[in-house]
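For reference, the structure discussed in these notes is given below.
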Amino acid sequence: MGNARGVRRDFNQLEQRRLQAAKLFDQGLRQAQIAHQLGVHRQSVSRWHQAWQANGTQALKKAGRAGRKPRLQPPQLAQLRRGLQQGPEALGYGTGLWTTWRVADLIERQTGQKFHPGHVWRILRSLGWSCQRPVGRARQRDETAIRRWKRLRWPDIKKKPFSSGGP
């Protein structure tokens, strides 16, 4: 039942198809003919016909949005985006790493809405954020010293292939 996972429905197009069926009902076509012409199942046409007979064309208009209304409104999402851009350290966290626990805490502090950390990633993805892992490097790391060592010292200690040919 329904659409395959991840497939978005075009609600305007679905409404247009139902309204086209209403025009065909007015013309007196049989339900099977309408189903064939519109490329839908006969049961769908039967449901549409019952709704059309009971309440007219208005019954075939789209109902509005599908699913639950979002708990965070656009101004709250904008506020969350600003908080995320400030960084976790600016908001009192110990490190510069955003975790879903921290984001859930930030959302609750800013909006009063509680979200499970396992679901916060959906909100982050809707804001254009993606999962990133920090590069594990020491703070004391000296890049210039590492480059110098690789250039000067490493070639001397690196194993060389054994040559079987004599001098």
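Data for the structure
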{"read-out": "Near pairs, Cβ below 9 angstrom, 6+ apart or cross-chain, from region 18-47 (at positive phi) to any residue that is part of a helix (DSSP H, G or I) and at pLDDT below 95", "value": "G39/R17"}
{"read-out": "Count of residues meeting criterion [closer than 27 Å to L24 by Cβ and in contact (Cβ under 8 Å) with a residue 40 or more places away in the chain] in region 49-77", "value": "4"}
{"read-out": "Residue check, A78 more than 30 Å from R137 (Cβ to Cβ) and surrounded by 13 or more Cβ atoms within 10 Å (Cβ to Cβ)", "value": "no"}
{"read-out": "Breaking point among (1) within 21 Å of P75 (Cβ to Cβ); (2) surrounded by 10 or more Cβ atoms within 10 Å (Cβ to Cβ), for I146", "value": "(1)"}
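Quick grid of which residues meet (1) in contact with a Gly (Cβ under 9 Å, 6 or more places away or on another chain); (2) within 30 Å of W129 (Cβ to Cβ):
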residue: Q13; (1), (2): no, no
residue: L19; (1), (2): no, no
residue: W48; (1), (2): no, no
residue: Q86; (1), (2): no, yes
residue: E89; (1), (2): yes, yes
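Here is a yes/no grid of residues against (1) surrounded by 13 or more Cβ atoms within 10 Å (Cβ to Cβ); (2) of a type outside the set (A, V, I, L, M); (3) modelled with pLDDT under 90:
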| position | (1), (2), (3) |
| --- | --- |
| G6 | no, yes, yes |
| R9 | no, yes, yes |
| A21 | yes, no, no |
| L24 | yes, no, no |
| G39 | no, yes, no |
| W48 | yes, yes, no |
| A51 | yes, no, no |
| A54 | no, no, no |
| R65 | no, yes, yes |
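The values are calculated or read from the model by the stated rules, or taken from the named source; none is laboratory data. All values reported here derive from a predicted model rather than from experimental measurement. Every residue, glycine as well, gets a Cβ built from its backbone with ideal geometry; the counts of neighbours run over all protein chains shown.
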